[in-house]
Amino acid sequence: MKSNINFYKGMLLLVMLSLSISMFGQAKPKVLILATGGTIAGAAKSGVQSGYTSGQVTIDAMVNAVPDALKLADIKGEQIANVGSQDMSFEIMMKVANRINELASSKDVDGFVITHGTDTMEETAYFLNLVVKTDKPVVLVGSMRPSTAISADGPLNLYNAIAVAADPNAKGHGVLLVMNDWIHSAQSLTKVSTTAVQTFMSPIRGLIGTTAYGVNDFYHYPDQKFGKTSEFDVKGVTSFPRVDIIYADADMKPDLIDASIEKGAKGIVIAGVGNGNMNKASLDACARASKKGIIVVRSTRVATGIVGRNVECNDDELGLIASYGLNPQKARILLTVALLKPRKLDELQKIFLEY
Ligand code: ASP
């Protein structure tokens, strides 16, 4: 008898809940914006000058510039930093990562947006892709024009980023970047223009999807490891090993490699010519570094393409790692995180294949 009453009570509650949803509309997704600065928060004295200062506008002012976004989601903002991303640091990246991980299973957040400068957006996006443990959408967004410019691109980019972060279909794609109607994966994207609004491209692996005025289409899931399948955990980490990037060119001088070792680098990424190449003297310096236990990764200064193992030099003999699809700045992030614990060369090479 009592269980019957409970059953009817439960049914009544369900009916009331569905009535209130149809009367007041569905509950909106909850999006948390973590603001770090960049041109999207930048300001200049006039609408047509190229000089401006990044990180001037607060997150509240940015959200106020896109009132339509309030129809897409319940939005809250937190100011994590307000810097041009040329000043991005592991310290700020960790603040963002820790905040996302803290809220990963909270019912108060369905998706995250991170406002960020475009200069080092690929580093932060890729770092977060490795270390945040959630399937909820995590979407980076920036702009190429400051908020005061004619045809500022920030407001629509922010609107679209909020639309992606609020979209359940965006779940499980790893960390994304939304700019100029395109949805990129942190793994594949790279900045290709110093000033054009279409500055991000995803060569090789292609776009994850597109977005237009908040209508999103997703084409595929990233095939590399990220988020919950990533083995990297940075909980409680307060400092990272030094990893330097050294740029190769014709007649490259090997002493930079030796200098880097002297300065305490635990890893070196070579932005090699072509397929991760460098001259003989530099290869010898890399082999010397490897013998001392410093991990040397061969990446490339070329905009697209894979750096393969044992192609024009003998990685096995020299003790080097090939970066495969990662450009130097992302190879540096992966190596930095991977070197938080000691690992053998073959394990590191596998990591570069999988991430
Ligand atoms: N220097 C700026 C930054 O990265 C450029 C931008 O946001 O587009 O913060």
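Out of the residues in region 85-105 that are under 22 Å from Pro146 (Cα atoms) and buried (at least 19 other Cβ atoms within 10 Å of the Cβ), state the one that is farthest from the ligand (Cβ to nearest atom). Applying the filter and picking the extreme gives Met88.
Ser299 meets each of the listed conditions (1) surrounded by fewer than 22 Cβ atoms within 10 Å (Cβ to Cβ); (2) outside any helix (DSSP H, G or I); (3) among the small types (Gly, Ala, Ser) apart from (1). Is region 338-353 home to any residue that is of a type in the set (Phe, Trp, Tyr), part of a strand (DSSP E or B) and either touching a strand residue (DSSP E or B) at 6+ places or on another chain (Cβ under 9 Å) or at pLDDT 95 or above (or both)? No, region 338-353 contains no residue that is of a type in the set (Phe, Trp, Tyr), part of a strand (DSSP E or B) and either touching a strand residue (DSSP E or B) at 6+ places or on another chain (Cβ under 9 Å) or at pLDDT 95 or above (or both). Pairs are defined by a Cβ separation below 8 Å, a sequence spacing of at least 6 or placement on different chains, a first member in region 24-43 that is within 18 Å of Pro137 (Cβ to Cβ) and free of Cβ contacts under 8 Å to residues at least 40 places away in the same chain, and a second member that is more than 8 Å from the ligand (Cβ to nearest atom) and not charged (D, E, K, R); the pairs so defined are Ala27/Ile21. Counting only residues that are among the polar types (S, T, N, Q), part of a strand (DSSP E or B) and in contact (Cβ under 8 Å) with a residue 60 or more places away in the chain, region 207-249 holds 0 of them. Here Gly51 does not fit the description of being over 27 Å from Thr118 (Cα atoms), modelled with pLDDT under 90 and surrounded by fewer than 16 Cβ atoms within 10 Å (Cβ to Cβ). For region 106-154, filtered to residues that are assigned to a loop (DSSP other than H, G, I, E, B), within 16 Å of the ligand (Cβ to nearest atom) and within 11 Å of the chain's Cα centre (by Cα), the residue that is surrounded by the most Cβ atoms within 10 Å (Cβ to Cβ) is His116. For region 303-318, which positions are in contact (Cβ under 8 Å) with a residue 60 or more places away in the chain and not aliphatic (A, V, I, L, M)? If the condition is that a residue be in contact (Cβ under 8 Å) with a residue 60 or more places away in the chain and not aliphatic (A, V, I, L, M), then Thr304, Gly305 are the ones that fit. Residues in region 225-244 that are among the β-branched types (Val, Ile, Thr), surrounded by 17 or more Cβ atoms within 10 Å (Cβ to Cβ) and either at pLDDT below 95 or farther than 18 Å from Asn98 by Cβ (or both): Val243 alone.
The values are calculated or read from the model by the stated rules, or taken from the named source; none is laboratory data. What you are looking at is a predicted structure, and each value in this text was computed from that prediction instead of being measured. All Cβ positions, even for glycine, are placed from backbone atoms using ideal geometry, and neighbour counts span all protein chains on display.
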